[in-house]
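Structure, as structure tokens:
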Amino acid sequence: MINIKEDPALNVLNHSCAHLMAQAIKHLYPHALFWVGPVITDGFYYDIDLQEQVITEEDLLKIEKEMKKISKDGKRITREEISKAEALALFKDDPYKLDLINNMDENEVVISVYRQGDFVDLCRGPHVESVKQLKFFKLLKVSGAYFKGDSKNKMLQRVYGVCFATEEALNDHLYMLEEAKKRDHKKLGRELNLFMISEYGPGFPFFLPNGMIILNELENFWYEEHSKEGYQFIKTPIMLNQQLWETSGHWSVYRENMYTSEIDDTMFAIKPMNCPGAMLVYKNAIHSYKEFPLRVGELGLVHRHEASGALNGLFRVRAFTQDDAHIFMREEQIEGEIIRLINFIDRIYSVFGLTYKIELSTRPLSKYIGSIEVWDRAEAILEKACLEAGKACKINPGDGAFYGPKLDFHIQDSLGRVWQCGTIQLDMNLPERFDLTYIESDGSKKRPIMLHRVIYGSIERFIGILIEHYGGAFPLWLAPRQIVIVPVNPEVHGQYAHEVASVLLQQGLRVEVDERNEKLGYRIREAQVNKIPVQLVIGDEEVANQSVNIRRYQQKEQNNCNLADFVINITKERDGKY
RNA sequence: GCCGACUUAGCUCAACCUGGCAGAGCAACUGAUUUGUAAUCAGUAGGUUGUAGGUUCGAUUCCUAUAGUCGGCACCA
């Protein structure tokens, strides 16, 4: 997907198109006031205060029409540099522009306005020379957006659009958006019977038999890989009492998002995070430096009361499984452990062919605990580890958790939306709150360093991302239905078909025999539609040669292969994920 | 939670604007057909139109509320 914001030519084009849209909206809604209209990754938007009026998606065509009219008129776009006083005078009736101008320092920035016909806007530019150049655009959606991004402020209306230099480029982009919609995990999840969400439990996903297979494969894979990395595993309770959450600090900070229930006059909360339980496990024994780094993993089911409007298929749910682990160590072990983790995460993602970006989130400006020196040191270690591991790392200033800095791994879905999956977080809070200790080599009691980390992030979300990433056509090891055997004539070839099936079943492959009373073409089509990786057709020839005829998903060619070789090849493919 | 849109058979959609017996394709089921690589033919069944109110002689259609879903915002794994 093209990043319009980072393409210099498209950036200018889209920015100018945002102005064109604003001009058209001003024509149609004379009372409209405009806040800002920036370029984003997939186009542009403008935030508008329509004062009681509403733009709905139906109105977008009308606005587009007006934009085309203005574009045809072909007015030049001109730049003027003005003083702050002049700017304040020019926009004296526009509180939004006054807000912007008042926040500008004349000595630092040049204040400029751009004019096109009857429209003038405060803007840094640059812009195209004439509105005539803005021909191939499309308004895509309209939504609400809080003024200055703060939910305490009033909501403005935000209209999104996109602009290209040629009709082909625009059409390609729109086509791609349509294609991406076909990969939507909610749609594929229903079609392939992977999961469902009932209105009786908004945000609480149900996994269906096919989805369960994917879930189990991912969990098995996770356990295997973590065992190799020296992890131990635990399972901590779903519910723990109020006192524990007070100790962890969640009761005061996170209470709104926690589900609670009273048991025998004591308040309990369903865990929104696994850490406090893991702390109790650590404290259950006395630990020595010799055990470090102590890696304790847990596939932990957590529940969080997420805002209703945030829910979105498997991407955002109220109950999910974190592939959590807590690692306890000495300070000098941090860097090595983090490098090791980055490589581990990289290896896992590469199995799925997922690309990702790492970001380092640093100390928040206000709400944080611990000393600045400790934060600086921790951030430096994270950044260094990232560089040592050979990964680029963008810095997100002030985005860290209150308890420590973190490295976040961001993966893109099919619509180009970015999801945080993996994260490595240093925690400077919980070891203190739970008074965790270990015995140093000199016999003294010391406080261990602890970090939390996840790789999938949430298995539910990760499955959503995988569904879209693969477009529902999973690699063999993950495919819920791996092989369909289609006897040409079930009555004649059915017996051999079942013999083949039982050989494959013994290898732990997921096999079905489709002996329905339907034409071969029908059954093949059905297997293709259901994105089943391997179809084996069996007729006279195959029975005679003790062979199978192989056709793969989305391929037309067929190959004959004797059964024994096929079994070897297919199991090798399944087990060779990397 | 906020803004907007949407909700009709298992799925995809029609009828709604302009109130008057709720339809189609796919899937399912039954029968015929016995099939060589993306849809064989015929038939059957499937619905308190998300829910609750209201307007009306009459509501899937108009109005109100509510739930859920989707696109964003805010939040976030």
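The numbers here are math on the coordinates, done by the rules we state, and not lab data. Quantities reported herein were computed from a predicted structural model and do not represent experimental measurements. Reconstructed Cβ throughout: ideal geometry from the backbone, glycine too, with neighbour counts over all protein chains shown.
See the values below:
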quantity	calculated
FRET efficiency for A:Met267 and A:Leu174, using Cβ-Cβ distance with R0 set to 60 Å, rounded to 0.05	0.70
Region A:350-435 - convex hull of alpha carbons, volume per residue in Å³	119
Inverse of mean 1/r across different Cα pairs in region A:471-526, Kirkwood, Å	12.0
Shape of region A:1-154, Cα gyration tensor, a/c cut at 1.5	rounded
Hydrodynamic radius of region A:103-213 per Kirkwood, over alpha carbon pairs, in Å	19.2
Proxy reagent accessibility, fewest Cβ within 10 Å first, across A:Tyr438, A:Tyr45	A:Tyr438, A:Tyr45
19 Å cut-off, amide nitrogen to a point 7 angstrom out along A:Ser371 Cα→Cβ, residues in region A:432-464	A:432-433, A:446-450
For region A:476-571, radius of gyration divided by Kirkwood radius, i.e. Rg to Rh on alpha-carbons	0.92
Protection proxy ranking of A:58-69, A:198-209, A:533-544 - average other beta-carbon atoms within 10 Å, highest first	A:533-544, A:58-69, A:198-209
Ratio of Rg to Rh over region A:249-399 (Cα coordinates, Kirkwood Rh, two decimals)	0.98
Per residue convex hull volume, Cα atoms of region A:178-268, in Å³	204
Global size of chain A as Cα Rg and Dmax, reported in angstrom	29.2, 93
Of A:Lys26/A:Lys135; A:Lys92/A:Lys152; A:Lys186/A:Lys531; A:Lys181/A:Lys228, pairs whose Cα-Cα distance is over 28 Å	A:Lys181/A:Lys228
Chain A: DSSP helices with Cα axial extent of at least 27 Å and average Kyte-Doolittle hydropathy no lower than 0.0	A:8-28
Residues A:Thr247, A:Thr266, sorted so that the one with the fewest Cβ neighbours within 10 Å comes first	A:Thr266, A:Thr247
Span from the region A:342-364 Cα centroid across to the region A:93-148 one, whole angstrom	37
Burial ordering of A:Ile568, A:Ile2, fewest other beta-carbon atoms within 10 Å first	A:Ile568, A:Ile2
Cross-link partners of A:Lys446 among aspartates and glutamates (Cα-Cα below 18 Å; sequence separation of 8 or more within a chain)	A:Glu291, A:Glu331, A:Glu332, A:Asp427, A:Glu432, A:Asp435
Relative packing of peptides A:292-298, A:5-11, A:156-162 - highest average C-beta neighbours within 10 Å first	A:156-162, A:292-298, A:5-11
For region A:257-327 versus region A:151-220, the gap between their alpha-carbon centres in whole angstrom	27
Cysteines (scope chain A) whose Cβ has no counterpart Cys Cβ under 4.7 Å	A:Cys123, A:Cys275, A:Cys421, A:Cys561
Kirkwood Rh, angstrom, region A:397-553 [1 / mean 1/r, Cα pairs]	20.1
